[in-house]
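Input: a single structure, listed below in structure tokens.
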Amino acid sequence: MTTIGKPRRRVDGRAKVTGQTRFADDLNLPRTVHCKILRSSVPHANIRSIDVARAEKHPGVLLVLTGAHFPIPFGILPVSQDEDPLCRDRVRFVGDPVAAVIATEEATASDALDLIDVDYEILPGRATPLEAYENPAPRIHEYGEEGNVHKRVSFHFGDTDEGFAQADRVFEDVFFFQGNTHLPIEQHATVASPDPDGKLVVWSSTQVPHYLHRALSRALAMPAAHIRVIATPNGGGFGGKTDPFSHEIVVAKAAMVLGRPVKIGLTREEVFYCHRGRHPVLMKFKTGVKNDGSITSMHLKTFIDGGAYGSYGVASTFYTGALQTVTYRIPRYRFEACRMFTNKPPCGPKRGHGTPQPRFGQEVQLDKIAEALGIDPAGLRLKIVEKPDTTTANYMHVTTIGLADCIRSVVRRSDWANRYRRLPHGKGLGLACSSYLSGAGLPIYWNKLPHSGVQLKLDRSGGVTAFCGATEVGQGSDDVLVNIVAHILGIDPFDIRAVTGDTDLTPVDLGSYSSRVTLMMGNAAIQAAERARDLLAQAVSKKLDVPKERLVFADRRVFDTQDPEKGMTFQEAVIAAEEMHGTLGTTGSYTPPRSPAKYKGGGVGPSPAYSYTACVVEVDVDPVTGWIHVPKVWIAHDIGRALNPVLARGQVEGSVYMGLGEALMEEQVFRRLPPRLSHAIVHKIPSILEYKSPTSLDMPEIDTELIEHPDPRGPFGAKEVGQGPLLPIMPAVANAVYDAVGVRIDEVPITPEKIVKALDDKAKGKPGRYGPESFPDIAYPEPMIVPPPWEGGDGHATNDPERKRAAKMAEKTS
Amino acid sequence: MRSLVPLALTVNGEPVETAVAPYKTLLEVLREDLDLTGTKHGCELGECGACAVLLDGKPVLSCLVVGHECDGRAVTTVEGMAGRDGVLHPLQESFADLGGSQCGYCTPGILLTAKRLLDDNPDPTRDQIADALSGNLCRCTGYNQIFEAVEAAAAKMRGR
């Protein structure tokens, strides 16, 4: 009896349906006081002064903090330590934190915010990346490439000009993907308290307790060993809780100053300001193809709206071009990207992190290419699918690839051959594909340490406790952990207690992001559990006088495979092992394999394994109103192996849902107030009512198939499932709209207004298209020249000055 | 000073007497004064449905109900869904088994809204379920596993 691959109730299922899962805001410690944050009302200004005297005198107020209390900046990436817990001298967007009040009651703290006087010297605000690019002064940050350019990159993987010369046709298309936000139903919350020893404890709705731990240590100048971070289960994250946040540092500081618990729960409006959501990206694809559809060359340019801070932006910038090559064979590839600072809430990693935007452009352009060449879009993709065990032009290593099976699955189930291009006007089908990482190959700070660690404790009670720093954000990471350990030890998942996301108790796991947990924690858990099984097997072997190799661990017993009656209970086995070895404990750890991408910037994109997805979306489009209804989605996901199919299907269908939200309605947009009202750049819709997301009434029927070809690098063959299935939805909707009414919407979201505009244009004899007209002339830097493997490349850039220095050093020493 | 007002109500079948700040919502009274943190909040503006509870058997958004106005009334929260014997409600069982709950944050509000639906209509169609739950946002599941869990619970309840 094994539970691997069997549909099961997750281990924390009962807690969730009884309301007993303790989220951060559910913690009510004795003597708790409450924190509220004053946020900037202007998008860009120098702070001349802050007067807190009236707030400090307000009855019930215990403490008022400002930037003066926080001399050390922070940020998620070592290269972007550009945020202040409370702004010291400059605010950069409406919502930037300026001061904090801690009071006995939350309402009192709220009232006192109104008593703080901030004197701002207004600076010009930049609402769009082009505005920021064309106006290098004033700089929003004093670091970055120049002016308001945060990060610029350029790569040549082979001679793309030669590739275009070889092409029969060259296609150039410009696309725009609007920003959107995670909208987890749980608002961020944090509780901080000194423990009885005087050390700091922080409970927070974070996906990354380890990175928060590091940020707190740095920003508060406290030894990390004196800080304990406990990641409470997250009420949804989707990437929105993967940065350390100012409010976490502020309440930690306040708790240490006041010597008592301090709590903050953000309002929904504040959650919109924390953001770190999808970057708005303008992109241009130039793709050369042969008449049979095979790609000879691709050139991708992206122009990225980063918002006011760095966040993960450097990584996001690379991600806008990292994964184009892992789905289809692209022999020559050129990629240029540029991320701008603007005076809006910072963008960061949302489900798919930087890759859904270019995936949208790539898949819509492929649809156009297929039409122009007179090839079926599914057939075209099947023809150009990348091969397994391949290193791509940009040195991403693909192990297994089940994309062709995914395409065949959705084509068959949707009756594509009989329905595509054959439905009545107003009805249409669209197909698109995608890929995603099963964990980032590198951590966010340089080190050679394991990415995930698991410890097991077993004792004479027969109980097993599994410790891991991984964080339960709803995806079921605790269930993956106990499922794997239970399988190897032959016990039931319910027999195991999972202790996770606690920096005092659990070994480091880098966190719940980049779809890394199942693969990385899973492999660490396998190692720890196999070591434990080995300790038990040694003892049982001696006791029963049966060779170790013949012992089986199953059904809560350890027995002789040749004589199943001869054996003992699992508890007896643990007792025997404790007699033989003393106190029992094992560890396991996982570090991803080294990537063949050795060039600078090649650290973003590599992964132990890539998942693949294909989907077909059906739409009904009203040709008069442009209204779009999605009755059905067929999706197939190459997961390698589904450890718990109930949870795997939930991730796929949750991704379909979130993708439909992005495709049809969700947008994080801003407007400029009229000059007489401050001219500020404000969030247009910082509320759930106005930020539209799909409800139960908007959901189509979803027909899901999991494609299971175990990947040698995954635990029991498992690859990721939490992010990849979101990516093909947006382009599939756009392609389906074209099939339905014959207009191209080269922009996300795809709204009725845009469809009507394109239909009107088409009726007037103009191209039936809605989308950006042109791509600005951006000065990208000198490219890194990285010859692909088939042109004799070794993964390095031939013109990297660092590499030349290294080669010279090597010459000298030899 | 904001003086407290007395409040006597029935919560999950048990009489409760307390005194609450007059400005507090039912949501705040439940979570902060009665320590019933199973009821969640996602907006405190009546937009997300996470705080839904049953007030005299009917679903309400507890963030839009003034706490002291519930004097003399009966409130059911997720903590009151299981029987006194600790046996879970069929909806709780099916949500746990069938993936109806991922992060679990919207779950209490959805469970109570679905309970009222099944109390009124033991055999709802898929459309009726979607309609009943249209005020409860879930960002994790994509709703389909929630629909299936409600249908499974309904079938189980009809069969007993």
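Coordinate-derived values only; no laboratory data. If you're wondering where the values come from, they're calculated on a predicted model, not measured in any experiment. Because the Cβ atoms are built from the backbone with ideal geometry, glycine has one as well, and the counts that use them run over all protein chains shown.
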Amide H of residue A:334: which non-local residues (sequence gap of 5 or more, or other chain) have their own amide H closer than 5 Å, using H built in the peptide plane?
A:157, A:298, A:299, A:300
Computed about the Cα centre, the charge dipole of region A:585-689 from +1 Lys/Arg and -1 Asp/Glu charges at the Cβ has a magnitude in debye, to the nearest 20, of 680 debye
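Ranked from highest to lowest mean number of other Cβ atoms within 10 Å per residue, what is the order of the peptides A:676-686, A:210-220? Before the final figure, lay out each step's value.
Details: A:676-686: 16.4, A:210-220: 22.5.
Per-residue Cβ counts within 10 Å, averaged per peptide and sorted highest first, yield A:210-220, A:676-686.
Over region A:703-762, consider all pairs of different Cα atoms and compute the Kirkwood hydrodynamic radius from their mean reciprocal separation; express it in Å, one decimal.
Numbers: mean 1/r = 0.0705 Å⁻¹.
With all distinct Cα pairs of region A:703-762 included, I get 14.2 Å.
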extent check for region A:414-464: Cα max minus min per principal axis, descending, whole Å, gives 68, 39, 17
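Across region A:501-619, how large is the tail of the calculated P(r) beyond 23 Å, expressed as a percent of all Cα pairs? Spell out each step's value before the answer.
On the way: 3731 of 7021 pairs.
Everything past 23 Å amounts to 53 percent.
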Which residues' amide hydrogens lie under 5 Å from the amide hydrogen of residue B:20, considering only partners 5 or more residues apart or on another chain, with H built in the peptide plane?
B:5, B:7
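So for chain A: antiparallel DSSP bridges make up what percent, rounded to the nearest 5?
Working: 104 of 137 bridges.
Bridges in chain A are about 75 percent antiparallel.
Mind checking the dipole of region A:287-446: about its Cα centre, +1 per Lys or Arg Cβ, -1 per Asp or Glu Cβ, Debye to the nearest 20? Before the final figure, lay out each step's value.
Working: 21 positive and 11 negative charges, 64 e Å.
Dipole about the Cα centre, nearest 20: 300 debye.
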Amide H to amide H under 5 Å from residue A:328: which residues, 5+ apart in sequence or cross-chain, H placed 1.01 Å off N in plane?
A:386
Per Stokes-Einstein, at 25 °C and 0.890 mPa s, what whole-number D in µm² s⁻¹ belongs to region A:647-714, with the Kirkwood radius over Cα pairs as the hydrodynamic radius?
160 µm²/s
Give, in nm to one decimal, the length gained when the segment between residue A:122 and residue A:562 is fully stretched (0.36 nm per residue of separation minus the Cα-Cα distance).
150.2 nm
Could you tell me the largest-minus-smallest coordinate of the C-alpha atoms of region A:401-528 on each of the three principal axes, in descending order and whole angstroms?
68, 38, 24
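With r defined as the distance between the Cβ atoms of residue A:763 and residue A:145 and R0 fixed at 60 Å, what FRET efficiency is calculated, to the nearest 0.05? Before the final figure, lay out the partial values.
Details: r = 45 Å, r/R0 = 0.75.
Efficiency for this residue pair is about 0.85.
Just the projected area, averaged over all directions, of the convex hull on the alpha carbon atoms of region A:132-272: how many nm²? Could the numbers behind the result be given before it?
Working: hull surface 55.3 nm².
Result: 13.8 nm².
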What's the exposure ranking of B:70, B:63, going from fewest to most Cβ atoms within 10 Å?
B:63, B:70
Residue-wise HN-Hα coupling along region A:18-35, computed from phi with Karplus coefficients 6.51, -1.76, 1.60 (Hz; x: Gly, Pro)
9, x, 9, 4, 9, 7, 4, 6, 7, 7, 10, 8, x, 6, 5, 10, 10, 10
Over the C-alpha atoms of region A:1-149, what are the Rg and the largest Cα-to-Cα span, Dmax, in Å?
21.6, 69
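Per Stokes-Einstein, at 25 °C and 0.890 mPa s, what whole-number D in µm² s⁻¹ belongs to region A:141-204, with the Kirkwood radius over Cα pairs as the hydrodynamic radius? If you can, show how the numbers build up before the last one.
Numbers: Rh = 18.9 Å.
The Stokes-Einstein estimate is 130 µm²/s.
With runs of 4+ DSSP H residues as the only contributors, calculate the mean residue ellipticity of chain B at 222 nm using -39,500 (n - 2.57) per run, divided by the residue total and rounded to the nearest 500.
Details: 4 runs with 45 residues, N = 160.
-8500 deg cm²/dmol, from helical runs alone.
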Hey, what did region A:1-140 get for relative contact order, percent, Cα under 8 Å, at least 6 apart?
32 percent
Pairs from A:344/A:692; A:632/A:766; A:16/B:58 whose Cα-Cα separation, in the structure shown, is over 27 Å
A:632/A:766
Alpha carbon centroid spacing (whole Å) that separates region A:146-169 from region A:239-289:
33 Å
Count charges around residue A:501 for me, please; just the other residues with Cβ under 10 Å from its Cβ, Lys/Arg as +1, Asp/Glu as -1.
-4
In terms of the charge dipole of chain A, which places +1 on Lys and Arg and -1 on Asp and Glu at the beta carbon, the residue among A:133, A:466, A:691 farthest towards the positive end is A:133
Given charges at Cβ of Lys, Arg, Asp, Glu: region A:1-134 dipole, positive-most of A:50, A:28, A:17:
A:17
Summing +1 for each Lys or Arg and -1 for each Asp or Glu, what net charge is found among the other residues whose Cβ lies under 10 Å from the Cβ of residue A:249?
-1
The local net charge around residue B:145, scoring Lys/Arg +1 and Asp/Glu -1 for residues other than residue B:145 whose Cβ lies under 11 Å from its Cβ, equals -3
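Could you work out [θ]222 nm for chain A from helices alone, using -39500 (n - 2.57) per DSSP H run of at least four and dividing by all its residues? Round to the nearest 500 deg cm²/dmol.
Working: 20 runs with 225 residues, N = 814.
-8500 deg cm²/dmol, from helical runs alone.
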For region A:297-302, Karplus couplings with θ = phi - 60° (6.51, -1.76, 1.60), whole Hz, Gly/Pro x:
6, 9, 10, 10, 10, 10
Just going by the charge dipole of the protein assembly as shown, with Lys and Arg at +1 and Asp and Glu at -1 on Cβ, which of A:551, A:792, A:295 is farthest out on the positive end?
A:792
Check cross-link reach from residue A:199 to the lysines: straight Cα distance under 28 Å, and skip same-chain residues fewer than eight apart.
A:36, A:241, A:253, A:263, A:457
What is the antiparallel percent of DSSP beta bridges lying wholly in region B:1-125, to the nearest 5?
90 percent
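Hey, what does the equivalent ellipsoid look like for region A:596-743, semi-axes from the Cα gyration tensor as sqrt of 5 times each eigenvalue, largest first, whole Å? Walk me through the numbers before you get to the answer.
Values: eigenvalues 222, 111, 45 Å².
Taking √(5λ) for each eigenvalue gives 33, 24, 15 Å, largest first.
Given a cut-off of under 8 Å on Cα pairs at least six residues apart, what relative contact order in percent is computed for chain A? Intermediate values should be presented prior to the final figure.
On the way: 2150 pairs, mean separation 129.4, N = 814.
Relative contact order, chain A: 16 percent.
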Please state the charge dipole magnitude for chain A, taken about the Cα centre, from unit charges on C-beta atoms (+1 on K and R, -1 on D and E), reported in debye and rounded to the nearest 20.
520 debye
What nm value, rounded to one decimal, do you get for the distance between residue A:678 and residue A:627 when each label is placed 7 Å out toward the C-beta?
3.8 nm
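Can you give me the relative contact order of region B:85-157 as a percent, contacts being Cα pairs under 8 Å and 6 or more apart?
Values: 73 pairs, mean separation 36.3, N = 73.
50 percent.
Once you have the Cα-Cα distance between residue A:548 and residue A:417, take 0.36 nm times their residue separation minus that, and quote the gain in nm to one decimal. Numbers along the way, then the final one.
Numbers: separation 131, 0.36 × 131 = 47.16 nm, distance 5.58 nm.
Separation in residues times 0.36 nm, less the Cα-Cα distance, equals 41.6 nm.
Most exposed first by the Cβ proxy, i.e. fewest other Cβ within 10 Å, how do A:143, A:612, B:105, A:333 rank? Before the final figure, lay out each step's value.
Values: A:143 12, A:612 32, B:105 29, A:333 24.
Least crowded to most crowded, the residues run A:143, A:333, B:105, A:612.
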Taking the Cα atoms of chain A alone, what are Rg (to one decimal) and Dmax (as a whole number) in Å?
27.3, 89
³J(HN,Hα), Karplus 6.51/-1.76/1.60, whole Hz, each residue of region B:45-62, x for Gly, Pro:
9, x, 10, 10, x, 4, 9, 4, 9, 9, 10, 6, x, 10, x, 9, 8, 5
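Report, to one decimal in Å, the Kirkwood hydrodynamic radius for region A:348-405 based on all distinct Cα pairs.
Details: mean 1/r = 0.0756 Å⁻¹.
Taking the inverse mean of 1/r over all distinct Cα pairs, region A:348-405 comes out at 13.2 Å.
What FRET efficiency do you get for residue B:23 and residue A:372 if R0 is 60 Å and r is their Cβ-Cβ distance, rounded to the nearest 0.05? Write out the running numbers ahead of the final one.
Working: r = 64 Å, r/R0 = 1.07.
After rounding, the FRET efficiency stands at 0.40.
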